[in-house]
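Engineer: Here's a structure for you.
The values are calculated or read from the model by the stated rules, or taken from the named source; none is laboratory data. What you see is a predicted model; the values in this text were computed from it and never measured. When we count neighbours, we look across all protein chains shown, and the Cβ atoms used for this are built from the backbone with ideal geometry, even at glycine. Quick note on the areas: whole protein, heavy atoms, side chains included, nothing else; ligands and nucleic acids left out. Shrake-Rupley method; radii C 1.70, N 1.55, O 1.52, S 1.80 Å.
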Amino acid sequence: QVQLVESGGGLVQPGGSLRLSCAASTSIFSIYTMAWYRQAPGKQRELVARISSGSITNYADTLKGRFTISRDNAKNTVYLQMNSLKPEDTAVYYCNADLNRVRSWGQGTQVTVSS
């Protein structure tokens, strides 16, 4: 299991931007598939974006064009750049690491989009 620590959440106005970071405690970070999920109150956790070890990305259809996932293997960190934020993006955002179906989760970081 990998320890994951998210940061970068907070309160932002509609239309604003945030960048989430997730630092992983593993020496083999580069071979993990990393992902961001989110869970809004009363809703199921949903995939936001995923990036493979080869930096192939995929996104939830509704978020394409606004969110960008990236990784820095030298820093063992995955990022989620969120632009043009909407109130419906309010949720707890979780980092996920997946290696051969063994999955680890971070503790989550709250993102609140409100005026």
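Engineer: Restricting attention to the range 18-48, and to residues there that are assigned to a strand (DSSP E or B) and open to solvent by 70 Å² or more (accessible area, probe 1.4 Å), which single residue is nearest to Trp105 (Cα to Cα)?
Structural biologist: Step one: of the range 18-48, the residues assigned to a strand (DSSP E or B) are 18-24, 33-39, 46-48.
Next cut, open to solvent by 70 Å² or more (accessible area, probe 1.4 Å) only: 19, 46.
On the way: Arg19: 18, Glu46: 13 Å.
Per the criteria, the residue is Glu46.
Engineer: Which residues, counting only those in the range 1-17, are open to solvent by less than 30 Å² (accessible area, probe 1.4 Å) and among the aliphatic types (A, V, I, L, M)?
Structural biologist: As a first pass, look at the range 1-17 and keep what is open to solvent by less than 30 Å² (accessible area, probe 1.4 Å): 2, 4, 6, 10, 12, 16.
Answer for the range 1-17, where residues must be open to solvent by less than 30 Å² (accessible area, probe 1.4 Å) and among the aliphatic types (A, V, I, L, M): Val2, Leu4, Val12.
Engineer: Another question, then. Can you tell me how many residues in the range 69-98 are surrounded by 17 or more Cβ atoms within 10 Å (Cβ to Cβ) and part of a strand (DSSP E or B)?
Structural biologist: 14
Engineer: Could I ask something else about it? Does the range 96-115 hold any residues that are within 15 Å of the chain's Cα centre (by Cα), aliphatic (A, V, I, L, M) and farther than 19 Å from Met82 by Cα, and which are they?
Structural biologist: Ala97 - this is the single residue of the range 96-115 that is within 15 Å of the chain's Cα centre (by Cα), aliphatic (A, V, I, L, M) and farther than 19 Å from Met82 by Cα.
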